[in-house]
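Working notes, beginning with the structure itself.
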Amino acid sequence: MIQVTFKMIVRHDKRSDLLAAMKGMLQPVRVERGCLNYGLYQDVENSDAFLLLEEWATQQDLEKHICTDNQRQLLALMDLLSEQPELRFNTVTHTAGMDLIENVLKTDGRG
């Protein structure tokens, strides 16, 4: 799985413009082949800070998405930001859930 994190801080006067554009982009991306997750999240400490979290099944699915009009629209929104965005692509080979926490707590962190 490929996980993409896109941290953005929007200019306060452009916040509603960014939100309106992003709301229109979410659902179309979610139905693209290989899209496992595509969500926009707001920072609870800074209402102008957002995190776009994407998860793609394969590198090929992500690359196909990067070539879409939707992605071009996202890049055009960068003019609304107050600073340079932070973009990260992470390849995830293993995931765990509550079982990890339960196992750590059972052994008091001794492995």
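Being in contact with a Lys or Arg (Cβ under 8 Å, 6 or more places away or on another chain), in a strand (DSSP E or B) and either farther than 25 Å from residue 12 by Cβ or of a type outside the set (Val, Ile, Thr) (or both), is that true of even one residue in segment 63-82? Checked against the condition, which is being in contact with a Lys or Arg (Cβ under 8 Å, 6 or more places away or on another chain), in a strand (DSSP E or B) and either farther than 25 Å from residue 12 by Cβ or of a type outside the set (Val, Ile, Thr) (or both), segment 63-82 yields at least one hit. If we scan segment 43-60, do we find a residue that is assigned to a helix (DSSP H, G or I) and either in contact (Cβ under 8 Å) with a residue 12 or more places away in the chain or touching a Pro at 6+ places or on another chain (Cβ under 8 Å) (or both)? Within segment 43-60, one or more residues are assigned to a helix (DSSP H, G or I) and either in contact (Cβ under 8 Å) with a residue 12 or more places away in the chain or touching a Pro at 6+ places or on another chain (Cβ under 8 Å) (or both).
Inclusion of residue 71 among residues that are closer than 21 Å to residue 1 by Cβ and touching a strand residue (DSSP E or B) at 6+ places or on another chain (Cβ under 8 Å) is not warranted.
Of all residues in segment 59-83, those satisfying the criterion of being under 16 Å from the mean Cα position of the chain (by Cα) and open to solvent by 60 Å² or more (accessible area, probe 1.4 Å) are 59, 63, 66, 72, 73, 75.
Tell me, yes or no, whether segment 26-41 has at least one residue that is surrounded by 14 or more Cβ atoms within 10 Å (Cβ to Cβ), aliphatic (A, V, I, L, M) and assigned to a strand (DSSP E or B). Yes, the conditions are met somewhere in segment 26-41.
Being acidic (Asp, Glu), open to solvent by less than 100 Å² (accessible area, probe 1.4 Å) and in a helix (DSSP H, G or I), is that true of even one residue in segment 11-20? Checked segment 11-20: at least one residue is acidic (Asp, Glu), open to solvent by less than 100 Å² (accessible area, probe 1.4 Å) and in a helix (DSSP H, G or I). When residue 95 is tested against (1) open to solvent by 40 Å² or more (accessible area, probe 1.4 Å); (2) within 30 Å of residue 15 (Cβ to Cβ), just one condition goes unmet, and that condition is (2).
The values are calculated or read from the model by the stated rules, or taken from the named source; none is laboratory data. Here the structure is a predicted model, which means the values were calculated and not measured. When we count neighbours, we look across all protein chains shown, and the Cβ atoms used for this are built from the backbone with ideal geometry, even at glycine. Side chains included, ligands, DNA and RNA excluded: accessible areas come from the protein's heavy atoms. Shrake-Rupley method; radii C 1.70, N 1.55, O 1.52, S 1.80 Å.
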